[in-house]
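Enquirer: My structure is below; once you've seen it, I'll send some questions.
The values are calculated or read from the model by the stated rules, or taken from the named source; none is laboratory data. Every value quoted in this text rests on a predicted model; they were computed, and no experiment measured them. Cβ atoms come from the backbone with ideal geometry, glycine included; neighbour counts cover every protein chain shown.
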Number of protein chains: 2
Amino acid sequence: MKAFQDYYPENVSHCYGCGSQNQHGHRIRTFWEGDETVTRYTPQAWETSVPGFAYGGLIASLIDCHSTGTAAAAMYRSEGREMSSQPAFRFVTGSLHVDFKKPTPIVELEIRGRVKEIKGRKVVVETTVSANGVVTARGEVVAVQMPEDFGTPR
Amino acid sequence: MKAFQDYYPENVSHCYGCGSQNQHGHRIRTFWEGDETVTRYTPQAWETSVPGFAYGGLIASLIDCHSTGTAAAAMYRSEGREMSSQPAFRFVTGSLHVDFKKPTPIVELEIRGRVKEIKGRKVVVETTVSANGVVTARGEVVAVQMPEDFGTPR
């Protein structure tokens, strides 16, 4: 099954968190499950805060890329378009908020998102991170449709 | 000169962002400059959002670890203690907020922090990330003194 990230155009597929072309990165893969979106990711042994527990910056990164992927998928859905149709939607992060509730053990994590609001070029996504069925962190991302000139010299 | 992170006890020096013992990690180093704290970090070529620009998750990670380090240093200062004195202060992240203002180019970044508030076991740190003298992201972290039993099985 193709993940949201498999539909990203090549020139925006180099993100360390979610770019399928970034050989060093996390290459997360996100899917619909009903009205929610799900990414599953197992941290590397060295992606730690203290030994055995996942690094907070990794958790923030997973929430970030999961949410921009969710924003794109939600925008296709809201327009009744297939993800393979053109022009492609791609989102960047306007703001990221994470509440760390408990230490997150290094096991397969489930990142689960829900679209809170779509407004113009902006999508707000609420996300939970769970380990062994327990929510260890909650996130909220304001994702913004990528400007055409994003990352070009000014 | 010793960085804040050089004073972390060995058992909490394995963080992917700031642990001096994590050979895979960023190993950031933070210092006082007057009443502000400064970390300088140059992203790896592959730590990208789009090619040539730094990954948002990395920026969040730098803000996170810079802020927990700042929190520890500030707590020593507020108690009039040397950072080499015992018991050691070490902080974890309660919450992390990042506003991404502009794309951040891959150059040496300056992460600069300021203590907004110290209240009991909690320190609030405001941070900017600058590239070529321009602020590209702003962060706020609520850092909480690490519980004695952090990361031990329950």
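Enquirer: Answer yes if at least one residue in the range B:82-90 is touching a Pro at 6+ places or on another chain (Cβ under 8 Å) and farther than 27 Å from A:E148 by Cα, and no otherwise.
Expert: yes
Enquirer: Name the residue that is farthest from the chain's Cα centre (by Cα), counting only residues in the range B:14-34 that are among the small types (G, A, S) and closer than 16 Å to A:A45 by Cβ.
Expert: For the range B:14-34, the residue satisfying everything is B:G25.
Enquirer: Quick check, is B:F31 at pLDDT below 95, of a type outside the set (G, A, S) and in contact with a strand residue (DSSP E or B) (Cβ under 9 Å, 6 or more places away or on another chain)?
Expert: It is false that B:F31 is at pLDDT below 95, of a type outside the set (G, A, S) and in contact with a strand residue (DSSP E or B) (Cβ under 9 Å, 6 or more places away or on another chain).
Enquirer: Please tell me if A:G57 is of a type in the set (G, A, S) and without any contact (Cβ under 8 Å) to a residue 12 or more places away in the chain.
Expert: Criteria met by A:G57.
Enquirer: To continue, here is another question. Here is a list of conditions, (1) surrounded by 22 or more Cβ atoms within 10 Å (Cβ to Cβ); (2) touching a Ser or Thr at 6+ places or on another chain (Cβ under 6 Å); (3) within 12 Å of chain B (Cβ to nearest Cβ), and A:S13 meets all of them except one; can you say which number that is?
Expert: (1)
Enquirer: Cβ-Cβ distance below 8 Å, separation of 6 or more or different chains: which pairs start in the range B:108-130 with a residue that is within 18 Å of B:M146 (Cα to Cα) and end on one that is aromatic (F, W, Y)?
Expert: B:V123/B:F91
Enquirer: OK, next. Would you confirm, using the coordinates I've provided, whether B:T37 is farther than 21 Å from A:V92 by Cα, surrounded by 21 or more Cβ atoms within 10 Å (Cβ to Cβ), modelled with pLDDT of 95 or more and hydroxyl-bearing (S, T, Y)?
Expert: For B:T37, the condition - farther than 21 Å from A:V92 by Cα, surrounded by 21 or more Cβ atoms within 10 Å (Cβ to Cβ), modelled with pLDDT of 95 or more and hydroxyl-bearing (S, T, Y) - is met.
Enquirer: If you scan the range A:110-154, which residues turn out to be modelled with pLDDT under 95, crowded, with 17+ Cβ neighbours inside 10 Å and hydrophobic (A, V, I, L, M, F, W, C)?
Expert: The answer is A:M146, and nothing else.
Enquirer: Just the residues that are surrounded by 24 or more Cβ atoms within 10 Å (Cβ to Cβ) and more than 9 Å from B:G57 (Cβ to Cβ), please, taken from the range A:49-62.
Expert: If the condition is that a residue be surrounded by 24 or more Cβ atoms within 10 Å (Cβ to Cβ) and more than 9 Å from B:G57 (Cβ to Cβ), then A:S49, A:A54, A:Y55, A:G56, A:I59 are the ones that fit.
Enquirer: At least 1 residues that are within 12 Å of another protein chain (Cβ to nearest Cβ) in each: list the strands (runs of 3 or more DSSP E) lying fully within the range A:45-154 that qualify.
Expert: The qualifying strands (runs of 3 or more DSSP E) are A:91-100, A:134-145.
Enquirer: Exactly one condition in (1) within 13 Å of the chain's Cα centre (by Cα); (2) in contact (Cβ under 8 Å) with a residue 60 or more places away in the chain is not met by B:A137; state its number.
Expert: With (1) within 13 Å of the chain's Cα centre (by Cα); (2) in contact (Cβ under 8 Å) with a residue 60 or more places away in the chain applied to B:A137, the lone miss is (1).
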